[in-house]
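I have a structure I would like to understand better, so I am pasting it below and will then ask my questions one at a time.
The values are calculated or read from the model by the stated rules, or taken from the named source; none is laboratory data. Quantities reported herein were computed from a predicted structural model and do not represent experimental measurements. Cβ placement follows ideal geometry from the backbone for every residue including glycine, while neighbour counts extend to all protein chains displayed. To get the accessible areas, we keep the full protein, side chains included, count just its heavy atoms, and leave off ligands, DNA and RNA. Shrake-Rupley method; radii C 1.70, N 1.55, O 1.52, S 1.80 Å.
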Amino acid sequence: MFGSLFEEEEEGFSLAPSGGRVVKREGEPPPPRGRVNLSGIKNQGGTCYLNSLLQTLLFTPEFREELFSLGPKELGCLEDKDKPEAKVRVIPLELQRLFARLLLVDQQSASTTDLTDSFGWNNSEESRQHDVQELNRILFSALEHSLVDTSGSAFIQRLYHGTTVNSILCKECGNISQRQEDFLDLTVCVRGVCGLEGALWDMFVEEEMFEGSNLYRCGQCDQLVTAAKSAKLRKLPPFLTVSLLRFNFDFARCERYKETGRYTFPLTINLRPFCEQTEDEDSEYSYELFSVIIHKGGCYGGHYHVYIKDMDHLGLWEPPEEDSKPKVQKKKEVRVYPEPEKDDPLSVLSSIIAQEESRSMLLDQLGQRLMDKIGSSWSKKYRKLHGPIGKFLQNHSDVFVLVNNGTRVALKANPPSPVTQPSSPAHPTPGSSSTPDPVHNNTANAQPEPGLETAPEPQGSHWFNLNDSTVTSIHERDVEKMYQGKESAYMLFYRKTLLRRPSGALRNPGYKVPPHLLEMAEEENRRLQQRREEFEASNNSVELRLHLAPRYRLENGALKPISTEQKEATNLTFDLRRTVGDLRMIIYQMQNLWDGDMTLTVAKSLPAGLHLYNTLTDDEVSLYSAGILTGTDLFVWNGREVCGATVQTGIEWEPMLLTVVRPSLGEEEEDGGGEGEEGGEGLSKESRGFAGRVTLGEVREALGEPQESLLCQEKRGGEGGGASGWRVFPPGDMQRTLKELALKDGDALLVLEPQTQDSSVFSVNGDMVTVTTPSDCRWLQVEYRPERRRRGGGEVDEDEERMRAKVPASGNMLLCEVKQRAIAELQLQEQLAGVACCLRQVDRTGKLLPPVCEELSVRDAGVRLMTSLSLCPGTAPKDTQLFLYFSVGTAPSSGLEGEIIVERSSTVKQCLKKMLESARLEGDGWHLRRLDWCEEVGEALMDEEASLSELKMSHGDALVITEGRLPPKGFLKLSVWLYVEPRADPVVSMETEVNGTAEGSTEGQRLEVMTAVGGAMVELRTVGQVEISEEATLEELKTQVLTLPALQYVCVPTPAFLRVWQLEGQRLTRILRGQQHTLRKLKLCSGVEFCVQQLLREEDLGPKEVLLRVQMGVPGERGYYPPEDLVWDASRDPSPRSLRSALASTYGLSPDSLLLAKHQPHTHTWETFSNWSQQVSKRKKKKKTESLLGAPFHLKDGDIVGVKNLLIDNNRDFSTQQDEQRLREEKEQRRKGGQGAGAEVETNQGVGPEKKMGPIKARKPEVALSINVGVFR
């Protein structure tokens, strides 16, 4: 996505003689700070979340002063970070330097490259966006680990950590059980809550009652009692961080979404009502907002920026640009300019609209008029730079105004009035040429001069918007705009109002900055000023490096200097506007002894040497047109040969520098010299250059090797240590060039002669060569945890809890040898005599992974060296066996699952038998099921004769033993439910027949699901199961359902009088269509549940016909008439207009008088269908219709559509009192820690299409965010 954004630019070099993209000239200094005198942070591609958090920490004065108080004696020096014996705390040091640059260095934006490098991040990590709330916790954790054993080890704990206390009060005996928890930030709910204070009230004021069937077991009463649970804030931190849960998951659509509703938060807040101790003064509980991190976009991507209140007044706040008079006047002049510039879309659009008498026009007409005026459409001319035309008009709201729901645009009659800014010594005028030096802007010169009074600051000033490299002033009232929408607040940072800043810190960016960082900033400012002066002086000149042919020779496909004593290149400063012929003449004058033709060729210095590219042939073009930049290398020669050798030019002949690795003998190591160097015991390395178009066979000849020698390429990646692996080039690669083999500079090439292939250092296995040297031997840590023993007093003996041993190991060592060495090292021979034990890896959470196969080597088993293994009781699987987890009935839970080892060739039936024996279960009415992608019970293993290897089972897979027989092969086992619709009149139906004949067989087997508004429910009753062939038709399925005992007395004329619904997640999802379609074509599988509904007439729905439940609103009331079924044909036109026409025909009304909305039962809200219809320009042949079957409505069978007749009902609000009640119930349930009022009712019933399930397991993050920290204990 980001291309080569992080690749280094080639200095002063261009392969293209002219054209192409504009490259920033080398040496161009970064721009100085803007008028606000604050520095931004560069975005490395996807680090806007990091930039926002860093700016918040920077403008937390207490945080940065605590960080600056740590000196080099505690943190070390960055110059020593590469020394192995030095313990340099790189992360806090880089953070200090970054803060100092942001405060003191005069540049528009600072770079975080050094800081992210200290995190251990690579380019892909820097271009991938993460969650800022997650980064906040991980960064603080990394700082705490980096500052251990220093005076600042507890400053994050002191500034940010608070505590809450959870209490449970027994209503019988009055006993209070309490548990204290620490927090770094408070995570508050957004969905269903109107603001921050309401969320805190739900968390810390409201009580949860344990009563009825949900009682609490009191430890003092030793019985189930009524109790009340509550939470309070026990200790308030100086700085309170609040994380807003704006991202949720829609289980109905199985997709994530962002909460964009209105969520308010105050500028000042008093936390006394939420605290345990309330005796102190109000000031102890008062907080003020000073930072808001904002997320713009959706749940799958977006952009972060931050609004910050400058507590120390370091920036020069001025009214935003939209309030300033010069900006408005400038735009007014552009609008009335008689002949606007075509490159300025603002003036072009303004002039087009100004020609209309009403000074307004339709948006579609504006696009056509723009094409007539400039001869091109908006998309071709302006979209790339300015975005869509609608977005452009919205961004220039001071010039344009959109009316009629955005279909018409008009010019504003009265632009905003300018706001005057009083002059002040601390706020120079924007036009002033003198910029205050941030380094020397100390307390002394920050005070006003005698006789001058500082002008009062505007209300709500010193708020800034820090958006990566851009910093602008904003009003305090702009914070309120972030309450809702796609661009809304995501994290809030409050500080205690008692935290007052000293007078010496105001307008003093160097306050408490260490002297060595002040010197660093002064030095960088001096260098920046010098670079800017030099750049201005040399803006029209370039520095060229001339390489003369007599000083070079051709070696290994590259040009190298003949003598190291001579100067390789001659520097020449030349005017960029002069021609190539002028340059050639100057070089002739400099080289008096030059004879013959002179050719100038662009060159580049590569690791292998100097290489030539394109030749400057046209003497009439300027150096700028020829693509010559500062720092370009020019080779001066005759254009044919150098020292008698023909030189190949062009990128295809580009040489590369390879590292040739050979076996080294002991006697050769003593007097081996030249360019070779040791690559470890048994290996020697030598750097050699080769042209990119030479073949691998020619390389072997150049190295003087016989044809029997093997050439090998190092295998990238490894197991984290141990022997290295090399891939042998096949004979066919000997005729391929180095470019075709994708070799590059620095790649290693192993050369093995026939006599060295049988050495103990090298082992050849097929096309792989393994090199093992003594330096490859590393270690594995083996941990043994015996059963806990208690002393006489009952305390756990912590000394005997864990035993560890570090075992030397290599990639070729067998794991059984590692286990034997660990047992000997831990002296467990007697304790484990006759006891089977195995080695198991441990994941990051401490969970034991499956045992490793001890017959394999460390490398083959996938075990990384320098990691930990756990010695556990149990048998290790062989190479032909599998280790599996299993459970009975439900998905395995950590620590509660069973474990079993079976042969890979075992069948499913054999595996099931062994699991039943292990679980002590009897009978043959059981089968096995897999886990699906979300670790829930999934599909059954239908083929019991298939082997585990054929089913691609692997180590650590989990299976679930489920009660019930499998249907025969090719047959489906389906659960059948009856759709019982409540009726007021006594009509003989399937409901009465079942009630009269089932004799209570369905009692307790019912599930209620919401299908209509106003509390109307439909009832589903189980009627049994059917086994049917997957090749049977839908009509045959209906016929077989009617043979069930519960339905044997029901009389239905034909199967077409039955409607079949498929059930998913306790809801009716789709209607099965096509009487002659097979169940395989309908994608039904075993375990699927469906219900049948009796109809009063035959029905055969087409593939594009949708069955909707339509409800007409009661005029003047917040309710609806009973629902009616409507079959809507969406095959030709799925737009809202088509549905509106169908409803108008049904009710005998005009389509324009109807307002429609879809009910969302999972959120208890209504989505209104828009009345907007897109106007099509003459150039467009076909328009894209708005489909209700797609996003965002996704209309499907059974959806409820509300209808309002606007002729007699002016209320456009579709919500009902039942919707509001449901929302309140869900809010109450969330406060109590449940999953929603409706979910609790459905789950606790324990029967129905979806049985009671356990807690939802936490999903693994898509991409983990981590910061690497050294060990400093």
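Give the Rg/Rh ratio for the stretch 829-970, taking Rg as the radius of gyration of the Cα atoms and Rh as the Kirkwood radius, to two decimals.
Result for the stretch 829-970 is an Rg/Rh of 0.99.
Pop out the ³J(HN,Hα) list for the stretch 1085-1096 in order, Karplus 6.51 cos²θ - 1.76 cosθ + 1.60 with θ = phi - 60°, rounded to Hz; leave Gly and Pro as x.
Per residue, the Karplus-derived 3J(HN,Hα) values read 9, 4, x, 5, 10, 9, 10, 10, 10, 7, 10, 8 Hz.
Expected output is a single nm value to one decimal: the length gained when fully extending between Thr890 and Leu1042, i.e. 0.36 nm times separation in residues minus the C-alpha distance. What is it? Let's see the in-between values first.
Working: separation 152, 0.36 × 152 = 54.72 nm, distance 3.22 nm.
Length gained, Thr890 through Leu1042: 51.5 nm.
Turning to a different aspect of this structure: Work out how much length Thr1165 to Gln827 would gain on full extension: take 0.36 nm times their residue separation and subtract the Cα-Cα distance, in nm to one decimal.
Net length gain for the segment: 114.9 nm.
Once you wrap a convex hull around the alpha carbon atoms of the stretch 69-217, what is its projected area averaged over all directions, in nm²?
Mean orientational projected area (the stretch 69-217, Cα hull): 15.6 nm².
Follow-up question, since we're still on this one. Bin all alpha-carbon pair distances of the stretch 1028-1167 at 10 Å intervals from 0 and give each bin's fraction as a whole percent.
P(r) over the stretch 1028-1167, rounded to whole percents: 9, 33, 32, 20, 6, 0.
Could you tell me which of the pairs Lys973/Lys1081; Lys914/Lys952; Lys384/Lys481; Lys83/Lys560 are separated by over 25 angstrom between their Cα atoms in the structure shown? Can you show the working numbers first?
Values: Lys973/Lys1081 16 Å; Lys914/Lys952 19 Å; Lys384/Lys481 28 Å; Lys83/Lys560 34 Å.
Distance filter (> 25 Å) returns Lys384/Lys481; Lys83/Lys560.
Can you tell me the FRET efficiency between Glu211 and Leu856 if r is taken as the Cβ-Cβ distance and R0 is 60 Å, rounded to the nearest 0.05?
Details: r = 58 Å, r/R0 = 0.96.
With a Förster radius of 60 Å, E is 0.55.
To one decimal place, what orientation-averaged projected area in nm² is obtained for the convex hull of the Cα set of the stretch 914-957?
Average projection, Cα convex hull of the stretch 914-957: 3.9 nm².
What is the diffusion coefficient of the stretch 473-576 in µm²/s, taking the Kirkwood radius over Cα pairs and the Stokes-Einstein relation at 20 °C with a viscosity of 1.002 mPa s?
100
Give me the distance in nm between label points sitting 7 Å out from Cα along the Cα-to-Cβ direction at Asp733 and Ser377, one decimal.
5.0
Which FRET efficiency value, to the nearest 0.05, do you get for Arg477 and Thr845 by plugging their Cβ-Cβ distance into 1/(1 + (r/R0)^6) with R0 = 45 Å?
0.45
Kindly provide the pair-distance distribution of the stretch 121-167 built from C-alpha pairs, with 10 Å bins from 0 and whole-percent values in order of increasing distance.
It works out to 21, 38, 28, 11, 1, in whole percents.
If you don't mind, there's one more thing I want to ask. How high is the FRET efficiency between Ile176 and Glu279 when r is their beta carbon distance and R₀ equals 25 Å, given to the nearest 0.05?
0.85
How much net charge surrounds Ala645 when only the other residues with a Cβ under 15 Å from the Cβ of Ala645 are counted, with Lys and Arg +1 and Asp and Glu -1? Please list the in-between numbers first.
Numbers: positive: Arg551, Arg553, Lys560, Arg640; negative: Glu555, Glu641.
Net charge around Ala645: +2.
When all alpha-carbon pairs of the stretch 857-903 are counted, what percent fall beyond 15 Å?
Of all Cα-Cα distances in the stretch 857-903, 62 percent exceed 15 Å.
Skipping prolines and chain starts, which residues have an amide H placed within reach, meaning under 5 Å, of the one on Asn614, given they are 5 or more residues away or on another chain?
Counting only residues 5 or more places away or on other chains, the set is Val602.
So how many Å³ per residue does the convex hull of the Cα atoms of the stretch 66-157 work out to?
Convex hull of Cα atoms, per residue: 123 Å³.
When you count, for each residue, the other Cβ atoms within 10 Å and take the mean per peptide, how do 516-527, 1023-1034, 103-114 rank with the highest first?
With the highest mean Cβ count within 10 Å placed first, the list reads 103-114, 1023-1034, 516-527.
Now for a separate question. Could you pull out every residue, at least 5 positions away or on a different chain, whose amide H is within less than 5 Å of the one on Val636? Hs are placed 1.01 Å off N in the peptide plane, and Pro or chain starts have none.
The answer is His547, Leu548, Ala549.
A further question on this structure: Sorted by accessible area (1.4 Å probe), largest first, how do Glu487, Glu708 line up?
Largest to smallest exposure gives the sequence Glu708, Glu487.
How far apart, in nm, are the 7 Å Cα→Cβ label points at Thr113 and Glu939?
The two pseudo-label positions are separated by 5.0 nm.
For the stretch 180-324, what does the alpha-carbon gyration tensor say about shape, rounded, prolate or oblate, given a ≥ b ≥ c as the root eigenvalues, a/c under 1.5 as rounded, and a/b over b/c as prolate?
Oblate, because a/c is 1.5 or more while a/b does not exceed b/c.
Then there is this: Give me, ordered by chain and number, the residues 5 or more places off Gln108 or on other chains with an amide H under 5 Å from its own placed amide H.
When sequence neighbours closer than 5 places are left aside, the close amide H contacts are Arg33.
Calculate the spin-label point distance for Glu917 paired with Ala86, positioning each point 7 Å from the Cα along the beta-carbon direction, and give it in nanometres.
6.4
What does the accessible area of His145 come to, in Å² to the nearest 10, when a probe of 1.4 Å is used?
110
Quick one: what are the phi-derived ³J(HN,Hα) couplings along the stretch 167-174, Karplus 6.51/-1.76/1.60 with θ = phi - 60°, whole Hz, x for glycine and proline?
Listing the rounded values in order: 10, 10, 9, 6, 6, 8, 10, x Hz.
So the label point goes 7 Å from the Cα of Leu1101 along Cα→C-beta, right? Which residues of the stretch 1041-1060 then have their backbone N under 11 Å from it?
Within reach of a label on Leu1101, which here means backbone N under 11 Å from a point 7 Å along Cα→Cβ, the stretch 1041-1060 contributes 1059-1060.
Stretched out fully, how many nm does the piece from Ser905 to Arg256 gain, at 0.36 nm a residue minus the Cα gap?
Extending this stretch completely gives an extra 229.5 nm.
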